[in-house]
Structures are given as structure tokens and as C-alpha cells.
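The values are calculated or read from the model by the stated rules, or taken from the named source; none is laboratory data. Nothing here was measured: the structure is a model prediction, and the numbers come from that model. Cβ sites come from the backbone with ideal geometry, for glycine too, and all protein chains shown count toward neighbours. Remember, those area values only see protein heavy atoms, side chains included, never the ligands or the DNA or RNA. Shrake-Rupley method; radii C 1.70, N 1.55, O 1.52, S 1.80 Å.
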Amino acid sequence: MRGEYRIGVDVGGTNTDAVLLDDELQLVAKVKTPTTEDVDEGLATAIQMVLSANGVIPASISRVMLGTTHATNAVLQRRDLASVTVIRIGGPATQSVPPLSTWPADLRTVVSAGEVIVDGGFEFDGREHVPFDEPGLRRFLEELPVRPEACAITSIFSPVSAEHEHIAAAAAAEVLGEDTPISLSCDIGSIGILERENACVLNAALRRVARQIVDGLSAALRDQAIEATPYFAQNDGTLMALERVLEFPVLTVGSGPANSMRGAAYLTGLREAIVVDVGGTSTDVGVLANGFPRESAIPVEIGGVRTNSRMPDLLSFALGGGTRVRTDGGDLVIGPDSVGYQLTSEALCFGGSALTLSDMAVRCGRATMGHHPVDEVSGLRAVEAIERIDQMFEDSIDRMKLTRSEQPVIAVGGGSVLLPDSLAGVSEVHRPENYEVANAIGAAIAPISAEVDQLLVLGPGGRDEVIKRARDAAIGSAIALGAEPERTEVVALEELTMAYLKDDVLRLRVKAAGPLQ
């Protein structure tokens with residue numbers, strides 16, 4: 001019967017995980033396969049394997065959800081990024097800090113295809129700052145020596161009024177060509193201009209990567225004769241449709257850890273907890289708040305660039321099952337490098353020659369894996385390594401807590417066997433069934449969401465009336481994106497009084513989410 005199953009896939013640096021869920025969101029099959037150098041090939045293999053695991057016919061798959069590191073890796077490795085013309089509408093007020101001035105030099109060289117600041121923009125209360133210099137913008141674009149592959153447009157206070165951004169977009173499309181992808185900051189970030197501009201430029205630079213992601217998934221589904229609707233996981237643990245990935249790829253950068261946290265919440269039923277996601281290469285520690293990843297309250301760096309796009313609040317460090325262990329002058333050195341997706345061939349316990357944390361865990365009896373004895377590893381050294389990583393786990397959990405009281409921890413990810421059964425400051429360590437594929441499960445069960453971030457003037461109805469308006473707008477946006485109307489609800493509301501304005505104004509950030517229709 002068509003529509004009976006859904007597939008969730010998460011592509012990590014070490015493994016690609018895939019799960020098959022039925023219409024009641026119960027796990028039917030799961031696979032974990034090493035991530036290949038050609039990520040698309042590994043993705044196709046994982047989908048083929050999870051179908052074969054239970055003999056499910058392709059026609060019974062209704063939806064496929066993907067979380068991927070494509071966008072993150074592209075920024076970190078400075079590859080496959082589009083050249084971007086950067087337009088800031090903010091003169092003369094913002095001339096002192098030029099666009100991309102805080103970017104790493106190597107990334108700026110790869111991305112920038114020319115930068116300009118033109119007069120225009122709005123004040124925080126919606127009044128025009130200065131008239132928009134459209135003729136100046138057109139002259140700049142016409143004089144570009146090489147046509148850019150994408151364009152990013154940012155105006156001061158565009159979340160309040162995006163009029164100048166839209167005028168600039170029309171002019172850029174006319175001069176550069178209608179087929180040039182254009183990113184507007186009003187659609188991506190919040191009020192602060194520099195971080196919003198950075199997120200907008202990264203989004204434009206990732207448009208080519210987005211096309212590769214979409215084409216790779218489409219090819220994998222086509223090869224398996226799957227006609228299901230594809231969705232992509234985004235930074236806040238929710239889903240977006242294929243066309244939105246092509247338009248807003250920067251919103252997928254933090255999808256991997258977000259998937260793991262949503263999967264951890266689903267597998268345990270806990271809505272408030274610390275989640276420790278240990279992979280083969282790195283560990284991510286995050287916080288569940290009302291069942292969703294707690295968002296970072298400060299700008300988050302992506303590849304050395306500060307942005308204010310929605311990102312989970314994470315503490316990440318280089319520790320995983322494939323982390324190499326060495327002896328340097330008698331001292332034990334743990335990482336930061338890892339054998340990554342070659343764990344099952346390189347680690348001692350699998351017959352390889354690299355000493356890893358997995359080998360140390362096997363030697364101490366904390367984990368059981370592989371087929372080769374590790375008796376040659378010093379028991380004292382193994383205990384020392386395990387004690388060191390236990391301290392790293394405790395320190396990271398303590399840094400993410402907002403209270404001194406003990407809190408529950410959910411251990412997920414294939415490398416979470418490294419975690420002990422008890423830790424200082426932790427009330428209980430939960431190890432749910434299917435913990436090793438929590439990331440793929442998180443992608444498969446994720447809802448659709450939408451967020452509004454607005455400055456609203458208090459009218460006759462007062463605070464209650466403007467909050468209701470913002471809540472209705474967020475819920476309506478989520479429903480328009482594909483959420484079930486009856487089950488869509490507000491999952492987060494942030495309220496800030498703008499005391500320095502003449503009128504009574506509230507800044508409201510409201511997020512609504514609901515399961516797919």
C-alpha cells in the first residue's frame with residue numbers, strides 16, 4: 001500500500017545511517033554504513049540497504065527525510081562554493097565596517113565576487129534611514145569584471161522593512177540575469193546586520209552545494225524507483241521541502257546534531273535533558289528544551305564566520321570512537337585526529353594498525369566490538385585514556401547546564417559506548433534502544449516548522465493582541481509549508497520590550513511546529 005513507510009537518513013562524517021519507519025512511526029529496519037568519499041554513493045547505498053533489510057517495495061515509501069553534512073563540509077573545506085556579489089544597503093551609516101571584513105581570508109577569497117555599500121535602509125521603527133541609491137547599485141553591477149554565480153543583499157533593519165532589499169533584488173536580476181540566484185537577508189537572519197549579512201552571503205555561496213544535495217538525493221530515489229516526497233532536516237530539528245533547500249541551504253548547516261537531539265527525545269520520551277551525541281570523529285553536547293534543541297542565544301560561527309541564523313546551542317569537541325590515541329614522550333595524547341569512516345578497517349579491534357578510543361574502551365570492558373583481540377594494549381594506559389575522556393564528558397555537560405542540580409543525559413550515536421553509566425552532575429544516563437541511529441530517526445520523525453521575528457506596535461488590544469497576531473502568523477506559516485493544521489502549535493515564544501522607542505513596541509520571536517500532513 002502506498003504511503004505506508006518513511007525513510008530517514010543522516011549522513012555523518014564517519015557513518016551514513018538510515019531507518020525505515022511505518023505509518024505509526026515505529027522502527028521497521030535500520031542500517032549503518034561507512035560514509036564514502038563520494039557522499040552521494042554512500043547515500044544511495046544506505047537507502048538501498050534499508051529497503052532490502054525488510055523487503056519493502058519502493059512504492060510503499062511516501063516520504064524520505066535527509067540530514068546531511070554537505071553544507072557544513074563545503075564551508076569548512078572551502079570547496080564547491082559559489083562566487084557571490086555582496087550588496088549592503090546601509091550607507092552612509094555602516095561604511096566603517098565593510099562587508100566580509102571579519103571573514104577568514106581564505107574563505108573570503110573563494111566567495112567574494114565584489115562588495116559594495118550603497119545608501120539606503122530603514123531605522124528600527126520602520127522609518128526610512130536614507131533614500132535607496134538604486135542608480136549607484138546598478139552602476140556597480142554593470143561594472144563588475146566577471147558575472148558572479150550568486151548575489152547576497154542585506155539592508156539595515158530589513159526584518160522591520162525589506163522594501164529596499166526587494167527593490168535591489170529586482171535591479172540585480174535585471175542587470176545580472178534572471179537566472180542568478182539572489183539571497184535576501186530578511187528571509188534568513190534576525191535584526192543584527194553584520195551576522196545577518198554573513199548568514200545571507202553564506203547562503204548565497206551554498207546555493208551550488210544545495211543543487212548537488214538535491215540532485216544526489218533525487219538520483220538515489222530514482223535509482224531505487226522511489227517516488228516519495230523528499231524533505232531535508234534543518235538546524236532547529238524540523239523539516240523543509242526540497243525547493244526551500246535550494247533557496248535556503250544555510251538552514252541545513254546544523255541539521256546533524258539537531259536530528260540526534262530530536263531522535264533522543266523521541267526514543268526516551270524526555271523533553272528536558274542533556275544530549276551527548278558521540279560519533280566516530282566528534283562529540284556534540286546539546287540541550288533539549290520542550291523536546292527541541294535549545295537555540296543558541298549568541299551568534300554561532302560557521303567555518304570562522306559569525307552568523308545569527310537559527311542554530312542549536314552546541315558544545316562540540318574532537319572526540320569519537322575513531323579518535324586516535326598516541327604516546328608522546330611517555331604522555332598519552334588523545335586526538336584530535338580520527339580514522340573516521342575507516343574505523344572498521346583501521347582500528348586494532350577490527351584488525352587494523354591504528355590505536356583508537358574504541359580499542360581503549362574494548363580493552364577496559366566498556367565496549368564490545370570488532371573481531372580482533374586488543375591484549376597488546378596496556379591495561380593501565382587504557383584506564384588512563386578512559387578516565388581522561390570521562391572528565392571531558394563531565395566538563396562539557398557541566399558547561400551546557402543552566403542549573404547546578406543534576407540533570408538526565410541521553411547518550412546517542414554509534415560512539416556513545418564510550419560514555420560511562422554514571423557521571424558527576426548527572427541524575428541518570430539514558431541509553432535508549434536504537435541509540436546508534438538516533439540521528440536518522442530524528443530526521444524521519446521531524447515536524448514542519450516556521451518562525452516569525454517581528455517588531456509590533458502595541459495597539460488598543462495591548463500585549464495580548466500582538467502576541468496572538470504573531471502566534472497566528474507563525475502557525476499559519478507552518479501550515480502553509482505542509483504541517484497538519486489541527487496539530488500545529490507554538491513551541492517557542494521569545495518576548496523583548498523595545499524600551500527606547502517612542503511607541504510601545506514588542507519584539508516577538510515565535511516558532512510553530514506540527515507533523516507533516
**Prompt:** What does the charge add up to near ARG108, with Lys and Arg as +1, Asp and Glu as -1, over the other residues with Cβ less than 14 Å from its Cβ?
**Reply:** -1
**Cβ-defined net charge surrounding ALA241, 12 Å radius [Lys, Arg +1; Asp, Glu -1]** = 0
**Item:** Among LEU100, ALA478, SER378 - extreme Cα towards positive end, dipole of the chain, charges at beta-carbon
**Value:** SER378
**Request:** Take the solvent-accessible surface of the protein heavy atoms, probe 1.4 Å, and return the percent of it on the chain that carbon and sulfur atoms account for.
**Result:** 49
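Going by average Cβ density within 10 Å per residue, which order do the peptides 434-442, 362-370 take, highest to lowest?
Packing order, densest peptide first, comes out as 434-442, 362-370.
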**Antiparallel bridge percentage (DSSP; both residues within the range 1-133; nearest 5)** = 55
**Asked** So for the range 367-517, what are the equivalent ellipsoid semi-axes in whole Å, largest first, each being the square root of 5 times an eigenvalue of the Cα gyration tensor?
**Response** 47, 22, 11
**Prompt:** So between GLU495 and SER353, what do we pick up on full extension, going 0.36 nm a residue minus the alpha carbon distance?
**Reply:** 45.6 nm
**Item:** Sorted peptide list for 52-65, 306-319, criterion being average Cβ within 10 angstrom, highest first
**Value:** 306-319, 52-65
**Prompt:** Of THR229, MET261, ASN203, which is farthest along the charge dipole of the range 170-263 in the positive direction, counting Lys and Arg as +1 and Asp and Glu as -1 at C-beta?
**Reply:** MET261
**Request:** Could you order peptides 118-127, 330-339, 286-295 by the average number of other Cβ atoms within 10 Å of their residues, highest first?
**Result:** 286-295, 118-127, 330-339
**Message:** Over the chain, with the other protein chains present, what is the accessible area per residue in square angstrom, probe 1.4 angstrom?
**Reply:** 41
**Complete:** Sparse-neighbourhood loop hits (GluC sites (Glu not before Pro), the range 379-420; DSSP loop; Cβ within 10 Å at most 13 others) -> GLU406
**Request:** Give a residue-ordered list of calculated ³J(HN,Hα) values for the range 362-376 (Karplus: 6.51 cos²θ - 1.76 cosθ + 1.60, θ = phi - 60°; whole Hz; x for Gly, Pro).
**Result:** 5, 4, 7, x, 6, 9, 10, 7, x, 9, 10, x, 10, 4, 6
**Against the rule of thumb 2.2 N^0.38 Å, how large the Cα Rg of the chain comes out** = 1.02
**Helix-only CD estimate at 222 nm, as mean residue ellipticity for the chain, using -39500 (n - 2.57) per DSSP H run (n ≥ 4)** = -10000 deg cm²/dmol
**Complete:** The FRET efficiency for GLU123 and GLU174, from their Cβ-Cβ distance with R0 = 30 Å and rounded to 0.05, is 0.60
**Complete:** For the chain, the longest principal axis of the Cα atoms and the Cα long axis of helix 255-268 enclose an angle in degrees, to the nearest 10, of 60
**Message:** Less than 17 Å apart at the alpha-carbon level, and either on another chain or at least 8 residues along: which aspartates and glutamates does that give for LYS30?
**Reply:** GLU4, ASP10, ASP17, ASP22, GLU433, GLU436
